[in-house]
């Protein structure tokens, strides 16, 4: 029986993993760029990086005042994006006003970007968002007891408990399918 880590490793090669790390760093740097450029912290809570496509960084804001503030710092932000992520060949920034409350879905507190790379991960993120969180009364962290999932080595590095639980269930389902029909 193959472990889930082996299956995932065979699916994703190193190049793709490095690219994913780069995009992760890109989408999580927003608050740092806001602070570095002396933009009020409230702007960070009303704005986010929506996507990056063909060298253009799309930033959404849910308040017109935040859009104006970001427009005054657009050249500095563009310079910082280019400096931090030279391989992305960023050529410009577009700041869009969206309706209030249109902030993107999140998992683990990090915004989900709508780039092509993030869309590939959407089914897993949707499943993680809809999965039940472990009960606070469950002293095994939600991995032992009634659902038949015991804590296994290799999952210790996964901090998101919902994702960890989903991966363990996936491993159990794969193992159950590989059992011969005569075994219970």
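What follows is calculated from the coordinates using simple rules that are stated; it is not laboratory data. The structure presented is a predicted model; accordingly, all values stated were derived computationally and were not measured. Positions of Cβ are generated from backbone atoms using ideal geometry, with glycine treated the same way; all protein chains shown enter the neighbour counts.
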Rounded if a/c under 1.5, otherwise prolate or oblate - the range 37-84, Cα gyration tensor axes: oblate
Please work out how much length the chain gains when fully extended from residue 53 to residue 79, using 0.36 nm per residue of separation minus the C-alpha to C-alpha distance, in nm with one decimal. 7.6 nm
R0 = 45 Å: FRET efficiency of residue 44 with residue 179, Cβ-based, nearest 0.05? 0.35
Listed with the fewest Cβ neighbours within 10 Å leading, 177, 84 appear as 177, 84
Ordered by fewest other Cβ atoms within 10 Å, a rough proxy for footprinting exposure, 168, 16 read 16, 168
For the residues 30, 48, what sequence is obtained by ranking on other C-beta atoms within 10 Å, fewest first? 30, 48
